[in-house]
Amino acid sequence: MNKLCLLGLLVSLASQSAFAAAPAEPLKNKDAFIANLMKQMTEDEKIGQLRLISIGPEMPRELIRKEIAAGRIGGTFNSITRDENRPMQDAAMRGRLKIPMFFAYDVIHGHRTIFPISLGLAASWDMDAIAKVGRTSAVEAAADGIDMTFAPMVDIARDPRWGRTSEGFGEDTYLVSRISRVMVESFQGQSPANADSIMAAVKHFALYGAVEGGRDYNTVDMSPAKMYNDYLPPYRAAIDAGAGGVMVALNSINGVPATSNTWLMNDLLRKEWGFKGVTVSDHGAIGELIRHGVAKDGTEAAKLAIKAGIDLSMNDSLYGEDLPKLLKSGDVSQTDLDNAVREILGAKYDMGLFKDPYVRIGVASEDPADTYADSRLHREAARDVARRSLVLLENRNQTLPLKKAGTIALVGPLADAPIDMMGSWAAAGRPHQSVTVREGLRRALGDQAKVIYAKGSNVTGDKAIVDYLNFLNFDAPEIVDDPRPAAVMIAEAVKAAKQSDVVVAVVGESRGMSHESSSRTTLEIPASQRELIKALKATGKPLVLVLMNGRPLALAWEREQADAILETWFSGTEGGNAIADVLFGDYNPSGKLAITFPRSVGQIPMYYNHLRIGRPFTPGKPGNYTSQYFEEPNGPLYPFGYGLSYSDFSLSNLSLSSKTLKKGQTLDASIQVKNTGKHDGETVVQLYVQDVAASMSRPVQELKNFQKVMLKAGEERTLHFSISEEELKFWNNQLQFAAEPGDFNILIGLDSQAVQQQTFELL
Ligand code: NOJ
């Protein structure tokens, strides 16, 4: 805890009220129960409810408990075991009104069992697998006494320089919105009140993924139509699915910080979307209103935030310090305060905490004997989901799958990197429980084949970068460098390669390179690793690159060197086993990119569903005066929706049930998909729509549906997609949401580029 927080705690340790708790209103009427409770609360107690504090190891526990009992804290985050949270809840129960605490945490892609990072989960295009992640995470977190997660993170990311690209589900509005809904439903289960459910607080509202230049915490400037069409729907999907909370973004939007943005928080979220849950500021964001330059001091910042509708203040003392005087002066009304308190108490009610404050904390006698026990993990689920998230980018000469025979050189700084397997925001995951690629290969092979391991290089040779990454607030140093000279490490790896039949090089980013506050100016694999790849290539041995990274990388050079490339993101606790399953063909890869991979950083922003323009670059017809960069080929290196399999799939006979569609009716698009390869496998058939001529320029194509299908070798199936006016609607510049009559193209493909097309007319 920093000195400021400690001071805040000490200062606010004032007298405890002597009132006894009034008889409780029957619990079954939420509004009446909360209204009755609020009638009994003092102003101090109300302000206390707005305070959400982070619990670090250094925090004075006794002081916190006193604060809680005095009604000066509403909830905590980062306290993540039952025996940590129980004494705090006990303290709340000693309080005058016995208002329960709630305990929150960043459960993003797993809690104790770590699943692939969200960008990897999205690459599965598998809603059942994603539901499994949400449910398993909720069960594990709830079993540790956690009531709320700051997730899902559904910021659309179209600039991979942004380090938090790893934390979201990619660039596409439709895919992210579907995942958003699934995550909320699976976190919250039948009800967020259930003992094995946690409440979802969707974040970061809003548009955080569009920070200028991909530089974290930067500003966002965006047209209303772009917001409504592309960036807002995933948050809306979470809210429509019943998310109980919303975390507010750190960025400004068209000059107004989200944290003081009354249009965003009141007009859009509450009035237009009907959100009734709780809102929470991001870490210290209320105080940051001063640095944004919209508040002259803390008092004004507190006023702006509460008036905008920010209920909970995360690790920020301003509400506590300034609301009493703001209420006295009338700058903040009793109604402003009551609205916030009502929403916080409402969320506690919805989490089942008034009914049973210990609903998730349970009784001490039932606490796990060992919080970190391996038996508490869900390894099978983690392996299953991780396999589905891997994307095969290249496979020349059927280099993969590898035989379980002969000698394999396993090299690379990430081949045996337990902390990196977990990715960033790894909740309560423990590195020693991760299966690394080295361990996965060992288990898969037993004594059937020999593995020669050599690290080959450090993640980066740039000491300043290592220092930066190690400064990030993680439990252990992120990067432990091998002190040997680079040439010695490469020589060792080359020797291993020469003694082997094939080389598997695990390269990419350390997990901290794709994290909050880890924006990059280049998308390249660091030079130390590229030197390694070059030396390995020179041995002439087949070279398989296993990539670990949390953002699209610029891989044009690597593509030339490698015989096969497997994108594995940061694949979680069971990542090493899942990767071995794919490398040896025990699982046929089925993942597809949920984000475009550009050729170089200079092409950014590059996303598949960009608006149409007057002078598009036309492949096969290069020339001046079309939209292009002249130094390198145009278009992405790997498009959105792309991913190979050990089978081949073909599409044929796209047909529409009608050439016209009347409003209120539906049209059927059917297509045959065939597994023409020798292995059973899954693929994702993707349906895109293009509005041929509208009242404003519309995207070249937009994903509107998909089906992930398993086909046996040789099997053929006809798939049907239903299309209605709904899929054709968009927000125009007057912010009317409507479909405009005229021609539409339907494009169906196995990725966003190789598509078949048919046209119909909306009447
Ligand atoms: C700051 C991050 O921006 C946010 O995503 C996270 O939920 C909070 N810290 C709490 O850890």
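For this structure, a couple of remarks:
- Whole-angstrom gap from segment 128-155 to segment 512-528, using each part's C-alpha centre: 27 Å
- Tail beyond 16 Å, pair distance distribution of segment 291-332 (Cα, percent): 27 percent
- Volume of the convex hull of segment 484-549 (Cα atoms only), normalised per residue: 90 Å³.
- Computed helical MRE - 222 nm, the chain, DSSP H runs ≥ 4 contributing -39500 (n - 2.57), nearest 500: -8500 deg cm²/dmol
- Ranked by how many other beta carbons lie within 10 Å on average, peptides 53-60, 592-599 from highest: 592-599, 53-60
- With both labels modelled 7 Å from their Cα along Cα-to-Cβ, the Ser627 to Arg291 distance reads 3.5 nm.
- Rg followed by Dmax, in Å, when segment 344-439 is reduced to its Cα trace: 20.8, 63
- Residue-normalised accessible area of the chain, expressed per residue, 1.4 Å probe, Å²: 38 Å²
- What the Cβ-Cβ distance of Ala491 and Tyr372 gives, at R0 = 60 Å and to the nearest 0.05, is a FRET efficiency of 0.95.
- Nearest-ten-degree value, helix 30-40 long axis tilted from longest Cα axis of the chain: 40 degrees
- Stretching the chain fully between Asn397 and Ala556 yields a gain of 55.4 nm (0.36 nm per residue, less the alpha carbon separation).
- Beta bridges per DSSP with both ends in the chain, % antiparallel, nearest 5: 55 percent
- Using the Cβ-Cβ distance between Ala713 and Lys534 with R0 set to 35 Å, the FRET efficiency works out to roughly 0.40.
- Sorted into 5 angstrom bins from 0, the C-alpha pair distances of segment 596-704 split as 2, 9, 13, 16, 17, 16, 14, 9, 3, 0 percent.
- Between segment 232-286 and segment 678-724, the Cα center-to-center distance that results, in Å: 32 Å
- Spacing of the two label points (7 Å from each Cα toward its C-beta) at Arg484 and Gln736, in nm: 7.0 nm
- Value of Rg/Rh across segment 649-762 [Cα atoms, Kirkwood radius]: 1.03
- Nearest 10 degrees, 0 to 90: helix 379-389 Cα axis against the chain principal axis: 60 degrees
- Mean shadow area of segment 390-590 over all directions, Cα convex hull, nm²: 10.4 nm²
- Whole-Hz couplings from phi, Karplus 6.51/-1.76/1.60, listed for segment 411-427; x for Gly and Pro: 10, x, x, 10, 5, 9, 10, x, 5, 6, 3, 6, x, 7, 6, 8, 6
- Prolate/oblate/rounded call for segment 43-366, Cα gyration tensor, a/c under 1.5 rounded: oblate
- All C-alpha to C-alpha distances of the chain, sorted into 20 Å bins beginning at zero, yield P(r) values of 16, 48, 30, 5, 0 percent in whole numbers.
- Ordering 170-180, 445-455 by mean Cβ neighbour count within 10 Å, with the highest value first, yields 170-180, 445-455.
- If both residues of a DSSP beta bridge must be in segment 43-366, then about 10% of such bridges are antiparallel.
- Accessible area in the full protein assembly, largest first, 1.4 Å probe, for Met696, Met199: Met696, Met199
- Semi-axis lengths (Å, descending) of the ellipsoid that matches the C-alpha gyration tensor of segment 512-597: 21, 20, 12
- Its Cα gyration tensor gives segment 221-344 an equivalent ellipsoid, and the semi-axes of that ellipsoid, as √(5λ) in whole Å with the largest first, are 24, 17, 12.
- Shape class for segment 139-271: prolate, because the ratio a/c of the largest to smallest gyration tensor axis (alpha-carbon atoms, square roots of eigenvalues) is 1.5 or more and a/b beats b/c.
- The 3J(HN,Hα) values that the Karplus relation (6.51, -1.76, 1.60; θ = phi - 60°) gives for segment 200-210 are, in residue order, 9, 10, 5, 8, 9, 7, 9, 6, 4, x, 9 Hz. Gly and Pro appear as x.
- Label-point gap, in nm, between Gln758 and Asn194 - each point 7 angstrom along Cα→Cβ: 4.0 nm
- Of the accessible area of segment 274-374, computed with a 1.4 Å probe over protein heavy atoms only, carbon and sulfur atoms account for 50 percent.
- Between 0 and 90 degrees, the angle of helix 298-308 with respect to the longest Cα principal axis of the chain falls at about 70 degrees.
- Divide the volume of the convex hull around the Cα atoms of segment 76-149 by the residue count and you get 78 Å³ per residue.
- Once the gyration tensor of the Cα atoms in segment 300-380 is diagonalised, the equivalent ellipsoid follows with semi-axes of 39, 15, 12 Å, ordered largest first.
- Centroid-to-centroid separation of segment 289-312 and segment 603-631 [C-alpha atoms, Å]: 43 Å
- The alpha-carbon positions of segment 694-758 define a convex hull whose volume is 108 Å³ per residue.
- Note on segment 390-498: Rg/Rh from C-alpha atoms, Kirkwood Rh, equals 1.00.
The values are calculated or read from the model by the stated rules, or taken from the named source; none is laboratory data. Note that the structure is a prediction, hence the values are computed from the model and not measured. Here Cβ is always computed from backbone atoms with ideal geometry, including for glycine, and neighbour counts include all displayed protein chains. All accessible areas refer to the heavy atoms of the entire protein, side chains included, with ligands and DNA or RNA removed. Shrake-Rupley method; radii C 1.70, N 1.55, O 1.52, S 1.80 Å.
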